[in-house]
1. Just how far, in whole angstrom, is the stretch 167-233 from the stretch 273-347 if you go by their alpha carbon centroids?
2. What is the local net charge at Val293, summed over the other residues whose Cβ is closer than 12 Å to its Cβ (Lys, Arg +1; Asp, Glu -1)?
3. Check Thr263: other-chain or 5+ apart residues with amide H under 5 Å from its amide H, H built from backbone geometry?
4. Mind checking the log10 I(q)/I(0) for the stretch 70-220 at q = 0.14, 0.16, 0.20 Å⁻¹? Debye, one equal scatterer per Cα, no solvent, two decimals.
5. Give me, ordered by chain and number, the residues 5 or more places off Val53 or on other chains with an amide H under 5 Å from its own placed amide H.
6. So what's the convex hull volume per residue for the Cα atoms of the stretch 51-98, in Å³?
7. Hey, can you grab everything whose amide H is under 5 Å from the amide H of Trp290? Only 5+ residues off in sequence or another chain; H modelled, so Pro and N-termini drop out.
8. Of the peptides 213-226, 335-348, 101-114, how do they stack up when ordered by the mean number of other Cβ atoms within 10 Å, highest first?
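Derivation of every value follows stated rules applied to the coordinates shown; laboratory data play no part. What you see is a predicted model; the values in this text were computed from it and never measured. Cβ atoms come from the backbone with ideal geometry, glycine included; neighbour counts cover every protein chain shown.
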Amino acid sequence: MISSTGDSGHPSRSRASRLTVRLAVLATTVALGAVGVAVSATPSSAAACNGYVGLTFDDGPTGSTGALLNVLRANNVRATMFNVGQNVQGNPSAARAQVDAGMWIGNHSWNHAHMTSMGQSQMQSDLSQTNSAIQSATGVRPQLFRPPYGETNSTLQSVASSLGMRQVIWDVDSQDWNGASVSQIVANAGRLQNGQVILMHDGIQNTRDAIPQIMANLNSRGLCPGMISPSTGRAVAPDGTPPTNPPTTPPTGTPTTPPAGGTCTATATYPNVWGDRYNTSVTVQGGSNWTVVVALTAPQKVNTTWNGTPSWDSSGYVMTMRSNGSGNTFGFTTMMNGNSGARPQIRSCTTG
Ligand SMILES: [Zn+2]
């Protein structure tokens, strides 16, 4: 839904081309076989950037999210998508596609209401429901929140903060929601300065058409698309360059003996990588009552999980995750603890 007064996203782009590294990690076909691991990495290339700006796109996903992602990919842009919860619930695969295309995901409320007229508990419920929909669809826990219409107050800010999100408004309004032409959108984006954030929207043809010129202008000024820092709300370099090589230290130890039952396939991706930690999203195919065994490499440690019930072996590095009715995608955040290259290995996937 397009807001009537503007609000919404800002994309950041990594200047260098992103490569998607797909590693068919040894299907150490444990007795059960069918253990697939796909690794998606999107390193930002080492281009000359004098600064970073945050490109944001609000109100998605929409019926034209795919078209937007195509334009962004073609221009090597990584952006922040402030999604509306009910849109995510209605089109989870589009939300997933945003993450797969290297975009960052923020919370833009459940149904784009005027939230300053809500009480605290209603705000909390609205934002929590939205985060749940986003996590369920993408495995990503939003760390940024943009209030619809940019309307906020201290209660809303504190609710967002209590849910682990930083409020982000914008510095530059592209006016795309207000019928701006392509050239007007390009001109508005031309005002962006280092660290600033621009409001744009998913679902608007002129916005998509403006992106190549916006990027040409930014490039000419040495500005690159960046991520929005959850600590400062400013555009910064995408951090945590993902590994371009498989982990050099394979996990040791014997694969956990899986319980009797059928097999399934578990596929891991890493939608978010920060300087000190990263998220792993695992999607299971082949059954809804699943058990997935994941091995970490020391000294990495998991500190948060979602959409599953975890248990640990005595070493603390082998996690058994069981379905808990939250769907077939679970996730967890791993602290690197000095080892930024290793990624978890899926040892088995069983059902029943
Ligand atoms: Zn909006």
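1. 35 Å
2. Details: positive: Arg322, Arg347; negative: Asp313.
Neighbourhood net charge equals +1.
3. Thr351
4. The calculated log intensity ratios at q = 0.14, 0.16, 0.20 Å⁻¹ are -0.70, -0.90, -1.28.
5. HN-HN under 5 Å from Val53: Arg13, Gly195, Cys224, Gly226.
6. Hull volume normalised by residue count: 64 Å³.
7. Ser323
8. Top to bottom by mean Cβ count within 10 Å: 101-114, 213-226, 335-348.
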